[in-house]
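Here the structure is laid out as structure tokens; the discussion comes afterwards.
The values are calculated or read from the model by the stated rules, or taken from the named source; none is laboratory data. Quick caveat, the model's predicted, so the values are computed rather than measured. Here Cβ is always computed from backbone atoms with ideal geometry, including for glycine, and neighbour counts include all displayed protein chains.
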């Protein structure tokens, strides 16, 4: 079990990033958040560690020469306390 967290500029890029992750891994989008009036989008996926790492590598290569992708990290075996926020929808949009 792992979660993949990414922050990316603007909603259209977020849709593309989600499409890349979902097509390249056996994962589920479990959370999203818009910040800065929609100029920064956070997406969180859950899935297997290797699945998410491979999909995030594809994502990093896709956005390699741009400044669009701000952060893309995979967290293996996340703490239950962290997962509570995603499962219960405790983060506000």
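Only one of these is touching a residue at least 24 places away in the same chain (Cβ under 8 Å) and out of contact with any helix residue (DSSP H, G or I) (no Cβ under 7 Å at 6 or more places or on another chain): 62, 67, 84. Name it. Walk me through how you get there before you give the answer.
Working: 62 fails: out of contact with any helix residue (DSSP H, G or I) (no Cβ under 7 Å at 6 or more places or on another chain); 84 fails: touching a residue at least 24 places away in the same chain (Cβ under 8 Å).
Only one candidate passes the filter, namely 67.
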- Query: Do we find that residue 13 is over 16 Å from residue 66 (Cα atoms) and more than 11 Å from the chain's Cα centre (by Cα) in this structure?
  - Reply: no
- Task: Give segment 50-83 a look and list any residue that's farther than 15 Å from residue 3 by Cα and part of a loop (DSSP other than H, G, I, E, B), or say none.
- Result: 63, 64, 65, 66, 67, 68
- Please determine, by comparing only the residues of segment 36-49 that are assigned to a helix (DSSP H, G or I) and surrounded by 11 or more Cβ atoms within 10 Å (Cβ to Cβ), which one is modelled with the lowest pLDDT. 38
- Message: Quick check on segment 16-35: of everything there that is in contact with a strand residue (DSSP E or B) (Cβ under 9 Å, 6 or more places away or on another chain) and loosely packed, with under 13 Cβ neighbours inside 10 Å, which residue is farthest from residue 77 (Cα to Cα)?
- Response: 35
- Query: All but one of (1) under 15 Å from residue 5 (Cβ atoms); (2) out of contact with any helix residue (DSSP H, G or I) (no Cβ under 9 Å at 6 or more places or on another chain) hold for residue 30; which doesn't?
  - Reply: (2)
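Could you pull out the residue among 36, 6, 22 that is closer than 15 Å to residue 70 by Cβ and over 8 Å from the mean Cα position of the chain (by Cα)? Don't jump to the end; show me each part of the working.
Details: 6 fails: over 8 Å from the mean Cα position of the chain (by Cα); 22 fails: closer than 15 Å to residue 70 by Cβ.
Only one candidate passes the filter, namely 36.
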